Amino acid sequence: MPNAKPELQIRQATEEDIPVLRELFDAGVFEGEVQINDTGADIEQLDDAYFCDAAGGSFWVATNDDEIAGMIGVQRVDDSAAEMRRLRVRPQFRRQGVATALMEHAIRFCRDRDYLKIVLDVRVERQPAIQLFEKFGFYLSRVKEQEGHRTLDFFVDLYSDPNTE
C-alpha cells in the first residue's frame with residue numbers, strides 16, 4: 001500500500017530519549033497541564049525514578065516511524081498499588097490512538113506485576129485525558145485545590161476491573 005502509515009511501536013525509554021521527553025513535559029507546563037510544584041526531575045533521572053527495583057515501574061515511549069509520539073510512566077506506590085505518570089502525546093499525534101496504546105501498555109504492565117490498584121492525577125483542564133481515564137474504568141476519588149488550580153485524583157481497582165479476562 002503506498003502512503004501507508006507506519007505502525008505505532010511502544011518501547012522502553014532510554015537516556016537518549018530524555019531531550020524529547022523533557023520537551024513533551026515542558027509543553028505540558030506551558031499548556032497548564034502540570035502541577036505547580038512539579039519540576040519533572042524524574043524525567044532527567046529515568047533509571048532512579050522508574051527502572052530501579054525500588055521504583056517498581058517503567059517508562060515507555062510510543063514511536064511512529066522512529067519519531068517519539070508520546071510517553072507514559074509507572075511507579076510503585078506500595079506493594080499493591082502503582083501510579084501512572086507523565087502521559088503525554090505530541091500535538092501532531094493526538095486523536096490517533098497513541099494515548100490509548102500507552103494506557104493499555106501501562107495497565108498490562110501493572111497487571112503483570114500484580115498491582116491491585118493504579119492511581120493518577122490530572123489537571124481539571126485536561127478534558128480529553130479525563131475522558132480517556134474514564135474510558136479505562138478510572139474513578140474520580142477526590143478534587144484537590146492548590147494555588148487556584150484544581151487537580152483530580154483518579155484510581156482503578158485492577159482486581160475488580162470488569163475488562164479483566
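Report yes if some residue within region 147-155 is in a helix (DSSP H, G or I) and surrounded by fewer than 16 Cβ atoms within 10 Å (Cβ to Cβ); otherwise report no. Looking for residues that are in a helix (DSSP H, G or I) and surrounded by fewer than 16 Cβ atoms within 10 Å (Cβ to Cβ), one finds none in region 147-155, hence no.
Just one of (1) of a type outside the set (D, E); (2) within 13 Å of the chain's Cα centre (by Cα); (3) not in a strand (DSSP E or B) fails for Q75. It is (3). Can you find a residue that is more than 23 Å from V20 (Cα to Cα), within 16 Å of the chain's Cα centre (by Cα) and surrounded by fewer than 17 Cβ atoms within 10 Å (Cβ to Cβ) anywhere in region 94-115? Yes - at least one qualifying residue is present in region 94-115.
When you scan region 106-113, do you find a residue that is at pLDDT below 95, of a type in the set (D, E) and not in a helix (DSSP H, G or I), even just one? No, region 106-113 has no match at all.
Within the group R90, R126, which residue is in contact (Cβ under 8 Å) with a residue 12 or more places away in the chain, among the basic types (K, R) and in contact with a strand residue (DSSP E or B) (Cβ under 6 Å, 6 or more places away or on another chain)? Even if it seems obvious, please write down each step before you answer.
Working: R126 fails: in contact with a strand residue (DSSP E or B) (Cβ under 6 Å, 6 or more places away or on another chain).
From the options R90, R126, the qualifying one is R90.
Taking region 114-134 as the range and being among the charged types (D, E, K, R) and either assigned to a loop (DSSP other than H, G, I, E, B) or touching a Ser or Thr at 6+ places or on another chain (Cβ under 8 Å) (or both) as the test, the residues that pass are D114, K117, D121, R123, E125, R126. Restricting attention to region 1-42, and to residues there that are assigned to a loop (DSSP other than H, G, I, E, B), at pLDDT 80 or above and surrounded by fewer than 13 Cβ atoms within 10 Å (Cβ to Cβ), which single residue is farthest from the chain's Cα centre (by Cα)? Checking each candidate, the answer is E7.
Take A82 and decide whether it is at pLDDT 85 or above, within 18 Å of A129 (Cα to Cα) and either part of a loop (DSSP other than H, G, I, E, B) or among the aliphatic types (A, V, I, L, M) (or both). Taking the combined requirement at face value, the residue does not satisfy it.
Scanning region 50-93 for residues that are over 16 Å from Q9 (Cα atoms) and β-branched (V, I, T), we see that the one that is surrounded by the most Cβ atoms within 10 Å (Cβ to Cβ) is V74.
The values are calculated or read from the model by the stated rules, or taken from the named source; none is laboratory data. Here the structure is a predicted model, which means the values were calculated and not measured. Reconstructed Cβ throughout: ideal geometry from the backbone, glycine too, with neighbour counts over all protein chains shown.
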